[in-house]
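Input: a single structure, listed below in structure tokens.
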Amino acid sequence: MATATPRRLPLDALATGAMLLLCVCWGFQQIAIKLVADDVAPIMQIGLRSTFAALVLAVVVWRGEGRRAFTDGTILPGLIVGLLFAGEFLFVAQGLLHTTASHMSVFLYTAPIFAALGLHWLLPEERMKPLQWLGVAIAFCGIAVAFLVKDSQPAAPGGAGNVLLGDAMGLLAGLLWGATTVAIRKTSLSEAAPAKTLFYQMAVASVGLLAFAAATGQHGIRYTPAAMLSVGFQSVVVALSSYLAWFWLLRRYLASRLSILSFMTPLFGVSFGVLILDEPLDAGFVIGAAMVLAGITLVSGAEMVRQLLRRR
């Protein structure tokens, strides 16, 4: 007798509250990196948190599957996904040296646009509808506005040129995040346990990012209380707990509804950047960011939008 596919639940108070906490956590991670960048380079911070998460996940995977854990054909796709994940956070770390945390929060979250485009071409069931294509067009127009419409004052001390470089790295990070989503959907990792998929990403990122930090002289650490607190927060809360909570929610609730709520993250990221780091916001970036978020909402929430329009 065939086993029925578990029915995903609509959002309830638990899911909504959990997503709110996750978005606050994810929105704050760029701020946490920036706050102690003088004590620990961003690339080193992300490498350290990835190492902690990889070690914990290795124990979880080993206890759950034992020696058969890596004989199920997931090693090659796991390495590919790990490289994409490592590349994403390499661009995040280096980009934060040039641009603001607010900018990085928005450009990183262009990932759903790139994921939707990749899945459209590779999976028939993921073909986009006209409303979603409209969302893609709005989002890319928003990216152009955020890049090209600049006030006379640069958004970061490095100068306007450096800000553009950092913004471009944030966009590339979003592209690689989207590619990671596509790779997981198209390979055997789509059926693997979430802990194993996350382990591959964290393990490759740990090795790659720490090696890059050492090769570029960014491996120095000043053991200040603020640095230890920030790296601890990123390791335990961001790199491990938040991602595992996200995977748990995806298994229990409707993914489309969760995705819509996840777009609160850049809003929190921008708010934290302004309030905590005193980052300035130019008009072009604000308008462009609003267009990007509107476009992403149309792409990921097109079905919800259609249902609302039909009801009206």
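Return P(r) of the chain (all Cα-Cα pairs; 20 Å bins starting at 0; whole %; ordered from short to long distances). Calculated over all Cα pairs of the chain, the distribution is 32, 60, 8, 0 percent. Suppose R0 equals 30 Å; then what is the FRET efficiency for ARG251 and TRP133 from their Cβ-Cβ distance, rounded to the nearest 0.05? It comes to 0.50.
Straight Cα distances below 17 angstrom link LYS129 to the aspartates and glutamates GLU303, with same-chain residues fewer than 8 positions distant left out. Cross-link partners of LYS196 among aspartates and glutamates, defined as those whose alpha carbon lies under 14 angstrom from its own and excluding same-chain residues fewer than eight positions apart: GLU65, ASP72.
Shown for the chain: the carbon plus sulfur share of the solvent-accessible area, taken with all protein chains present and a 1.4 angstrom probe, equals 69%. Contact order for the chain, expressed relative to its length and based on alpha carbon pairs under 8 Å spaced 6+ residues apart, stands at 41 percent.
For the chain, adding -39500 (n - 2.57) for each run of n ≥ 4 DSSP H residues and dividing by the number of residues yields -23500 deg cm²/dmol at 222 nm.
Per residue, the solvent-accessible area of the chain (1.4 Å probe, heavy atoms of protein chains only, all protein chains present) comes to 47 Å².
In this Cβ point-charge picture (+1 for Lys and Arg, -1 for Asp and Glu), segment 1-116 has a dipole of about 340 debye about its Cα centre.
Site pair ALA13 and ASN162 shows an inter-label distance of 4.9 nm when each label is modelled 7 Å from Cα along Cα→Cβ. Computed from the alpha carbon positions, the gyration tensor of segment 255-300 leads to an equivalent ellipsoid with semi-axes of 23, 14, 4 Å, biggest first. Within a straight-line Cα-Cα reach of under 19 Å, LYS34 can be paired with the following aspartates and glutamates, leaving aside sequence neighbours fewer than 8 residues apart in one chain: GLU88, ASP167, ASP278, GLU279. Highest mean first, the peptides 49-59, 96-106 sorted by other C-beta atoms within 10 Å per residue fall in the order 96-106, 49-59.
The values are calculated or read from the model by the stated rules, or taken from the named source; none is laboratory data. Since the model is a prediction, treat every value here as computed from it, not as a measurement. All Cβ positions, glycine included, derive from the backbone under ideal geometry; neighbour counts span all protein chains shown. Ligands, DNA and RNA are excluded from the accessible area calculation, which covers all protein heavy atoms including side chains. Shrake-Rupley method; radii C 1.70, N 1.55, O 1.52, S 1.80 Å.
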